[in-house]
Structures are given as C-alpha cells and as structure tokens.
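Asks: Could you have a look at this structure, given as structure tokens, before my questions?
The values are calculated or read from the model by the stated rules, or taken from the named source; none is laboratory data. As the structure is a prediction and not an experimental result, all values here were calculated from the model. With ideal geometry, Cβ positions are generated from the backbone for all residues, glycine too; neighbour counts draw on all protein chains shown.
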Amino acid sequence: MSQPDMIILGKIAGVFGVKGWVKVFSHTEQRDGILGYNPWFLRIAGEWQVFKVLVGQAQGKILVAQLQGIDTREQAERLLGCEIAIPREQLQSLRDGEYYWADLKGMRVVTDTDVDFGVVDALFETGANDVMVVNGERERLVPWIMGDVIKSVSLDDRIIVVDWDPDF
C-alpha cells in the first residue's frame with residue numbers, strides 16, 4: 001500500500017523481555033487506542049509489512065505488544081524504530097468539525113486577511129489546546145482553537161483559515 005493509504009499511529013520504541021515483545025510509542029489520543037487496531041502494518045526497509053497483534057497491553061507507563069512471527073528478542077530488535085500504521089479505511093468516522101491530524105498535515109494555512117503562513121508541518125498537544133506547527137517564510141505555532149483562531153477547514157481545498165496575527 002502507498003503512504004497516502006496508510007495512517008501512522010505510532011512506532012516500535014523498544015524491546016520488552018526475551019520472547020519477542022515490543023515496546024510501543026503511540027500517537028493515538030488515548031495512549032492505548034493503538035491496541036484497538038489489528039493488524040498493524042510496519043514499515044520495514046521502506047515497505048509495509050502486515051503483522052497480527054497477538055496480545056497488547058499497558059505495562060506500567062508503557063505499552064507492549066506481541067506480534068505474530070516475532071518470537072525472540074533479536075527479531076524484535078530488528079523492528080526498532082519501525083512506524084506502525086493502519087489502512088485509512090480502518091479509522092472511525094468523525095463528527096463534523098473533527099479532524100485527524102494526519103489529514104491536516106500539509107494543508108495550507110492562511111489568515112482571514114489572506115496572509116499565507118505556509119503549510120502544517122506537525123501538530124502537538126499542550127494540555128490547554130493542540131498547536132499547529134506551520135512552516136512558511138518562518139515557523140509559526142498556531143493554537144488549534146476552533147471558532148476563535150481556526151475559522152474554517154476545507155479538506156477538499158486543503159486550506160485552513162485562521163484569525164492569527166502574522167507578526168506573532
């Protein structure tokens with residue numbers, strides 16, 4: 001499958017024990033939400049390979065999983081750093097006004113006065129609200145506050161309109 005068909009949910013962050021279990025870093029809103037998807041696709045040497053998740057669980061502050069066909073620590077070590085993805089069609093439908101971060105990345109950001117800020121490079125959580133990292137002639141951090149800062153989002157046109165001071 002090609003990259004646009006896949007949604008990155010996390011990555012293999014370490015090994016756990018000697019029986020092939022892996023530590024998982026999750027990008028899902030609920031940390032253990034990644035465990036609700038099965039199978040996982042891991043990008044190995046630039047190619048997506050499918051792995052059935054046999055068991056996944058929280059282990060203290062980390063997530064661990066056992067993948068079919070990965071039975072030794074050495075096999076698990078070969079997966080270190082691999083991205084974990086699922087096909088887009090496995091995602092849940094969203095309500096109006098809700099967006100997956102993967103869909104926002106790469107969208108053009110303009111102000112309501114037509115100042116072009118550039119494109120969304122990344123998003124991150126702060127506790128108070130999410131923040132877009134927008135790269136253009138310079139990097140800008142724009143809070144994701146619907147109604148106040150985020151005026152409109154057009155997935156079809158790939159444009160986010162914001163009410164944000166260009167000098168900030």
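Asks: Working only within the range 109-129, note down all residues that are of a type in the set (A, V, I, L, M, F, W, C) and within 20 Å of the chain's Cα centre (by Cα).
Replies: Selection gives 109, 119, 120, 122, 123, 124, 128.
Asks: Of all residues in the range 82-94, how many are closer than 15 Å to residue 48 by Cβ and either surrounded by 19 or more Cβ atoms within 10 Å (Cβ to Cβ) or in contact with a strand residue (DSSP E or B) (Cβ under 7 Å, 6 or more places away or on another chain) (or both)?
Replies: 7
Asks: Another one. Within the range 27-50, does at least one residue satisfy the condition of being in contact with a Pro (Cβ under 8 Å, 6 or more places away or on another chain) and closer than 29 Å to residue 106 by Cβ?
Replies: Yes - at least one qualifying residue is present in the range 27-50.
Asks: Next question. Kindly establish whether residue 56 is touching a helix residue (DSSP H, G or I) at 6+ places or on another chain (Cβ under 9 Å), in a strand (DSSP E or B) and not assigned by TED's automatic domain parsing to the domain that holds residue 143.
Replies: Numbers: touching a helix residue (DSSP H, G or I) at 6+ places or on another chain (Cβ under 9 Å): yes; in a strand (DSSP E or B): yes; not assigned by TED's automatic domain parsing to the domain that holds residue 143: yes.
Yes; evaluated as a whole, the condition is true for this residue.
Asks: Follow-up. Would you call residue 34 crowded, with 20+ Cβ neighbours inside 10 Å, assigned to a helix (DSSP H, G or I) and either modelled with pLDDT under 95 or not basic (Lys, Arg) (or both)?
Replies: Answer is yes for this residue.
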